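What follows is a short report on a single structure.
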Amino acid sequence: MFKRLRRIVALMFAFVMIFSTTAFAAENDNSDELKITMENVEYSYDGQVSKAPAAAVSSVTIVSEEAYINSKGNVIIPVYIVGYGHNEIAKWDATKAKYVKDITYTRADRVVYAFKQYWNCGKAVAGKHTFKFSTTSINSPWNTVSAIAQFKISK
C-alpha cells in the first residue's frame, strides 16, 4: 500500500510540474508589449542588370574639353572608357594621378556600357604637361587600350 501511495504522489507531482511549466510560459505573454510583424514584403533592385559577359574595353578618350582646375588648385582630367577594364594607370608627366570618381553610362535596358573616370593630377603648374591613361579588359581578349594628351597650363 505504501508503494501505491508513493506512485500516486509521484504521478500527481509530475502533473503539477507539467502544468506549472505551461503556466509560466503563459505569464511571459504580455499583451501590453509592442510587437512587430512583417507584412506585404516587396524587393526591388535599381542597379545594373547583368545580361551577358562584360564587354571588353573598346576605346578610351581623354575628355580634354572637360578638364579643369578645382578649387584646391589641382588639375582634374576626365577619361571616357567604353567597355569594362581594370588595372587603370593614369599619369601626369611621370607622376601617378589619383582616382577621384566615376560616372556610369547605361542603355535603356540598364546595362552599363561605359564609364567616365575623373583623375586628380596634382597641383596645377604653368607649362606643358603630358597625361597618359591605359586600362586592360577584364575578359577576353584582355586587350590594353591607352591614350595620351598634351595639356598646356598658362596664367
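The values are calculated or read from the model by the stated rules, or taken from the named source; none is laboratory data. Keep in mind that this is a model prediction, so the values were computed, not measured. A quick note on method: Cβ atoms are made from the backbone with ideal geometry, for glycine too, and the neighbour counts reach across all protein chains shown.
Checking the stated criteria, residue 135 turns out not to satisfy the condition of being outside any loop (DSSP other than H, G, I, E, B), surrounded by fewer than 18 Cβ atoms within 10 Å (Cβ to Cβ), among the polar types (S, T, N, Q) and at pLDDT 90 or above.
Restricting the stretch 108-155 to residues that are among the small types (Gly, Ala, Ser), without any contact (Cβ under 8 Å) to a residue 40 or more places away in the chain and touching a strand residue (DSSP E or B) at 6+ places or on another chain (Cβ under 9 Å) leaves a set whose member that is nearest to residue 63 (Cα to Cα) is 114.
Taking the listed residues 73, 83, the one that is surrounded by 16 or more Cβ atoms within 10 Å (Cβ to Cβ) and on the phi > 0 side of the Ramachandran plot is 83, with no other qualifying. Selection over the stretch 74-118 of residues that are closer than 15 Å to residue 151 by Cα and within 20 Å of the chain's Cα centre (by Cα) gives a count of 0.
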